[in-house]
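Colleague: One structure is given below, represented as structure tokens, and several questions about it will come after.
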Amino acid sequence: MSAANPPDSFLRRYVFSLDHKTIGLQYTITSLFFLLGGFCLMALMRWQLAYPGQPLPYLGKLFGENAMPGGVMQPEFYNQLGAMHGTIMVFLGVVPLAVGGFGNYLIPLQVGARDMAFPKLNMLSYWIYLCGGILMLAGFAMPGGAAQSGWTSYPPLADLATSGQTIWLLAMVFVITSSLFGSINFIVTIVQLRAKGMEFFRLPFFIHAQLVTAFLLLLAFPPLEAASVLQLMDRLAGTSFFLPTGLVVSGEKLAVAGGGSPLLWQHLFWFLAHPEVYVLILPAMGIITEVIATNTRKPVWNYRLLVYSVLFLGFMSFTVWAHHMFMTGMGTGMSTFFQITTMIISIPSIVVLTCIVMSLWGASIRFTVPMLFALAFLPMFGIGGLTGLPLGLSASDIYLHDSYYVVGHFHYVVAPGTLFALFAGIYHWYPKATGRQMNATLGKIHFWGSIIAINGVFMPMFIQGIAGLSRRLYDPTIYAHGRVIQPLNVFISISAWTLGLFQLPFIYNFFASLKRGEKALENPWASTTLEWAAPSPPPHGNFESAPVVYRSPYEYSVPGAATDFSPQWRAEA
Amino acid sequence: MDESAYGYWLPPDASAHGPQIDHLLGFLHIFMALIFFGWAAFFVYCLIRFRARANHAATYAPVRAAFIKYAEGTIIAVELLLLFGVSMPIWLRYKQARPDEAQALHLRVVAEQYAWNIHYPGRDKKFGKASVEAMNGDNPLGLDPDDAAGKDDIVTINQLHIPVNTPVIIDISSKDVIHGFNIPALRVKQDAIPGQLSTLWFTATQTGHFELACAQLCGLGHYRMRGDVYIDSPADYAKWEQENAPAVPAPEQK
């Protein structure tokens, strides 16, 4: 099938499509559903945390006698919800949306290509992801329920857990395989398929961010895939990769060979999962840079420094993983090394934020809906980054490790951070993908409701952590210090449910605007990067004629130019 | 358990090394607040001053801002100072200063789903022999009943009694999965990892009743893996030790 002729049959066009835009939208829709699902699991947990041991009215009975007898949540079910919330949000929600959705849709358009380098591999990557996602959810149908050892799945607990853990591991193998296929495709497309004149330093920052992300996925995921297979062998084939000698479980000596190491899993897991943090954050930084450049009508401040910073960030992200393990009995020399790398990695993050904020100076800021979300990313990511400081220093980490402070910290990075950037991206590129605008009033209701509610969710978690509350507690009122601060849990839960309500305008807006939204031309935001040269929505093959690139990506308000934006594809300024 | 000791900030601090950690936490949060609010003021100022409006256009040339380098340089310098000047010395003073065995109380803690087994060596300061094979419901630590050193050992579940102002050394391990030995009021935390012996130490500086919590998800009972920590005056501790010493006669009295 050539890129010039779109396929005729419905199946080839909308379901088993090879077109990067269809695949990108498939990723987007699927991952949005997973995000909603992951959110609902959390909303359910928040009932138990706010009102421990009380029956959930009406809804509680739907979950059956095993999970919630009489509407009262069981600790096993709570742990399943916790493990699956984390797994779904990270591996099936945010990464597929940021990388699979935005990356697939925008990379060929922004580099000026007709499609991805390997369209069939691209389609395969989506379908493997979907299978992995469905398999992951199927864990809930297993005897004993879904995986319940946390999204981190530390052995020996995970080795000994019910069969839901086996499903979790199998699903992870699918999801990781899908990511590997995707990352190869991204790298080859960005390196090989750039339009004429698209030099490395003319690429939009979003592309640099996706390129670094693709390398992180390619290099960091295989260790976890291997580790998942090892844990699978421990569970199914009787090996002891992660089981030491002499385990006694419930008073019975465990009949295993032993000789394994529980810490080996933690090293393999965090060797992936710390770069994974940057897989979540780099595409978000890419998106907000595009949105902010467009809406400030001004070139991004120090674009080259921005690019060097993400390259450095990507490299350094492989050297910090053991700061998740300061409490495992690590020696002083080791912990010093990982503290130094952790301090170093904060520097490029500060530089990226500085470049973006300095871009506001001398700008003419349009407060569009995507711009509101992009601007909100900055202080939210700032809080997430700053609260990493007491966790990154081993002395203060002694107290804060595994407390709610950690939960608050990483959620600030990923939820009001990355997720807000992804919302910015959806509002920003919706007219490109559909040919229609989303409603701005509904968008502003969505924004203001979400930003207030989400801070109501995560800000009190820092107080809980400082007050000494451990994370992953089914009933925090077991502890005296938990009982005293229990009102915070009620406040957080109400904020979380309010946050859910404020997503309804977004969901309505997303679908209703497909038909009723204001029509958009090919460049509704008066933007400069190549995707805006294509029609909205872009046809099969993207561009009517092969684009040629004449200048850097963010040439706004060039003195003497005809308009306040000088697109990359226009020969004259 | 007295709830009045707790509130919306750090719990009471009953350990010798704890105040250093508390000061570090306090200093860090002031530093973070300064950066955040300083930055936010600049951010909000930009949003207001450079909003799109009639007769206002963006400037193409990037702003020259030398102060950025100084601001970033200052942040990096403070981070390095925090790491090498504050955090590492606290960590080293605490982690490298293993108390003198002769003056310290040496305990073993063996975690399991979902309890803390606490093993006191007794008056002879020698732990009885223990083995995995001998572990059962009545003998959670697998102590050898024939070992003379174990005759006077005290074993408790979830009840940690320690004397005030005495260095305490605890060897921590686990029988099954990873647990997290966490006493917020003493500012101590250590993963209890099966197959690995980890050691921590502290000196309690005030008497009282505090909580031992599990910090690491260890299964469905993780939330209720709670223990009591009693920091006793020397007299109270001696009394407790006497009352709980096993009824078996000590070997030399045979």
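The values are calculated or read from the model by the stated rules, or taken from the named source; none is laboratory data. All of these numbers come straight from a predicted model, not from anything done at the bench. Backbone-built Cβ (ideal geometry, glycine too); neighbour counts: all protein chains shown. Keep in mind that these areas ignore ligands, DNA and RNA; they rest on the heavy atoms of the full protein, side chains included. Shrake-Rupley method; radii C 1.70, N 1.55, O 1.52, S 1.80 Å.
Colleague: Computed on protein heavy atoms with a 1.4 Å probe, what is the summed buried accessible area for the chain pair B and A, in Å² to the nearest 100?
Modeller: Counting both chains, the buried surface is close to 8000 Å².
Colleague: Kindly report the accessible area of chain A per residue (heavy atoms of protein chains, probe 1.4 Å, no ligands, DNA or RNA), in Å². Write out the running numbers ahead of the final one.
Modeller: Numbers: 18520 Å² over 573 residues.
Roughly 32 Å² per residue, with all protein chains present.
Colleague: With r defined as the distance between the Cβ atoms of residue B:165 and residue A:138 and R0 fixed at 56 Å, what FRET efficiency is calculated, to the nearest 0.05?
Modeller: Efficiency, rounded to the nearest 0.05: 0.45.
Colleague: Two decimals is fine: what is log10 I(q)/I(0) at q = 0.12, 0.22 Å⁻¹ for the stretch B:18-96, from a Debye sum with one equal scatterer on every Cα and no solvent?
Modeller: -0.55, -1.09
Colleague: Then there's this: How about residue A:444: which lysines have a C-alpha closer than 21 Å to its C-alpha, ignoring those fewer than 8 places off in the same chain?
Modeller: A:432, A:515, A:519
Colleague: Report the extension gain between residue A:72 and residue A:255 in nm, rounded to one decimal, defined as 0.36 nm multiplied by the number of residues separating them, less their alpha carbon distance.
Modeller: Between residue A:72 and residue A:255, full extension yields an extra 62.3 nm.
Colleague: Continuing with this model, one more query. For A:200, A:565, what's the largest-to-smallest order of accessible area, 1.4 Å probe?
Modeller: A:200, A:565
Colleague: Quick check: at a probe of 1.4 Å, how many percent of the accessible area of chain A sits on carbon and sulfur atoms?
Modeller: 70
Colleague: Between residue A:308 and residue B:247, what is the FRET efficiency for a Förster distance of 60 Å, r being their Cβ-Cβ separation, to the nearest 0.05?
Modeller: Working: r = 73 Å, r/R0 = 1.22.
Here the calculated transfer efficiency is 0.25.
Colleague: Hey, another quick one. Between residue A:522 and residue A:344, what is 0.36 nm times their sequence separation minus the Cα-Cα distance? Round to one decimal in nm.
Modeller: Extending this stretch completely gives an extra 59.8 nm.
Colleague: Rounded, prolate or oblate: which one fits the stretch B:105-246, using the alpha carbon gyration tensor with axes a ≥ b ≥ c (rounded when a/c is under 1.5, else prolate when a/b beats b/c, else oblate)?
Modeller: Oblate shape, in that a/c is at least 1.5 and b/c is the bigger or equal ratio.
Colleague: Could you order A:544, A:276, A:252 so the one with the most accessible surface comes first? Probe is 1.4 Å.
Modeller: A:544, A:252, A:276
Colleague: Dipole size in debye (nearest 20) for the protein assembly as shown around its Cα centre, Lys and Arg Cβ +1, Asp and Glu Cβ -1?
Modeller: Magnitude of the dipole: close to 3320 debye.
Colleague: Given R₀ = 25 Å, FRET efficiency for residue B:134-residue B:236 by Cβ-Cβ distance, to 0.05?
Modeller: 0.15
Colleague: Next up: Give the lysines reachable from residue A:253 as a straight Cα distance under 30 Å; neighbours fewer than 8 places away on the same chain don't count.
Modeller: Filter leaves B:125, B:126, B:129, B:151, B:175, B:189.
Colleague: Only helical DSSP H runs with n ≥ 4 go in: add -39500 (n - 2.57) per run for chain B, normalise by residue count and round the 222 nm mean residue ellipticity to 500 deg cm²/dmol. Don't jump to the answer; show the numbers that get you there.
Modeller: Details: 4 runs with 66 residues, N = 254.
Here the helix-only value at 222 nm equals -8500 deg cm²/dmol.
Colleague: Amide H to amide H under 5 Å from residue B:58: which residues, 5+ apart in sequence or cross-chain, H placed 1.01 Å off N in plane?
Modeller: A:364
Colleague: Once phi is turned into ³J(HN,Hα) by the Karplus curve 6.51 cos²θ - 1.76 cosθ + 1.60 with θ = phi - 60°, what whole-Hz value does each residue of the stretch A:487-503 show in order, with x for glycine and proline?
Modeller: Those phi angles translate into x, 4, 5, 5, 4, 4, 5, 5, 4, 5, 5, 4, 4, x, 4, 6, 7 Hz.
Colleague: Consider a paramagnetic label point 7 Å from the Cα of residue A:514 along Cα→Cβ; state which residues of the stretch A:19-48 have an amide N under 20 Å from it.
Modeller: A:19-37
Colleague: Also, I was wondering about something else. Rounded, prolate or oblate: pick one for chain A, where a ≥ b ≥ c are the square roots of the eigenvalues of its C-alpha gyration tensor, a/c under 1.5 means rounded, and failing that, prolate if a/b is larger than b/c, else oblate.
Modeller: Prolate, since a/c reaches 1.5 and a/b exceeds b/c.
Colleague: If you don't mind, another one. For the pair residue A:62/residue A:16, report the inter-label distance in nm, with labels modelled 7 Å from Cα in the Cβ direction.
Modeller: 3.5
Colleague: Would you calculate the separation in nanometres between label points at residue A:483 and residue A:497, each defined as 7 Å from the Cα along the Cα-to-beta-carbon direction?
Modeller: Placing both labels 7 Å beyond Cα along the Cβ direction yields 2.5 nm.
Colleague: Follow-up question, since we're still on this one. Evaluate the distance, in nm, between pseudo-label points positioned 7 Å from the Cα of residue A:33 and of residue B:75 along their respective Cα→Cβ axes.
Modeller: Using points 7 Å along Cα→Cβ, the separation is 4.1 nm.
Colleague: So, one more: Tell me, in nm to one decimal, what length is gained between residue B:199 and residue B:103 on full extension, where the rule is 0.36 nm per residue of separation less the Cα-Cα distance? Let's see the in-between values first.
Modeller: On the way: separation 96, 0.36 × 96 = 34.56 nm, distance 1.66 nm.
Full-extension gain reported as 32.9 nm.
Colleague: In whole Hz and in residue order, list the ³J(HN,Hα) couplings for the stretch A:405-418 that follow from phi through the Karplus curve 6.51 cos²θ - 1.76 cosθ + 1.60, θ = phi - 60°; x for Gly and Pro.
Modeller: My calculation for the stretch A:405-418 gives 4, 5, 4, x, 4, 6, 5, 4, 5, 8, 7, x, x, 4 Hz in order.
Colleague: Which one of B:196, B:159, B:216 has the biggest mean-square fluctuation once chain B is modelled by GNM with Cα springs under 10 Å?
Modeller: Of B:196, B:159, B:216, the most mobile in the Gaussian network model is B:196.
Colleague: Further question: Could you sort A:516, A:483 by accessible area so the largest value comes first, with the probe set to 1.4 Å?
Modeller: Details: A:516 180, A:483 80 Å².
Most to least solvent-accessible, the answer reads A:516, A:483.
Colleague: Can you give the calculated 222 nm mean residue ellipticity of chain A, where each DSSP H run of n ≥ 4 adds -39,500 (n - 2.57) and the sum is split over every residue, rounded to the nearest 500 deg cm²/dmol?
Modeller: Numbers: 20 runs with 333 residues, N = 573.
Dividing the helical sum by the residues of chain A leaves -19500 deg cm²/dmol.
Colleague: Can you work out ³J(HN,Hα) from phi for every residue in the stretch A:543-556, in order, using Karplus 6.51 cos²θ - 1.76 cosθ + 1.60 and θ = phi - 60°, giving whole Hz and x for Gly and Pro?
Modeller: Couplings: 10, 5, 9, 4, x, 10, 9, 10, 7, 5, x, 10, 8, 9 Hz.
Colleague: If you take every DSSP beta bridge fully contained in chain B, what fraction is antiparallel? Give it as a percent rounded to 5.
Modeller: Antiparallel bridges make up about 70 percent of those DSSP assigns within chain B.
Colleague: Not counting ligands, DNA or RNA, and with a 1.4 Å probe, what is residue B:13's accessible surface area in Å² rounded to the nearest 10?
Modeller: Per-residue accessible area (residue B:13): approximately 40 Å².
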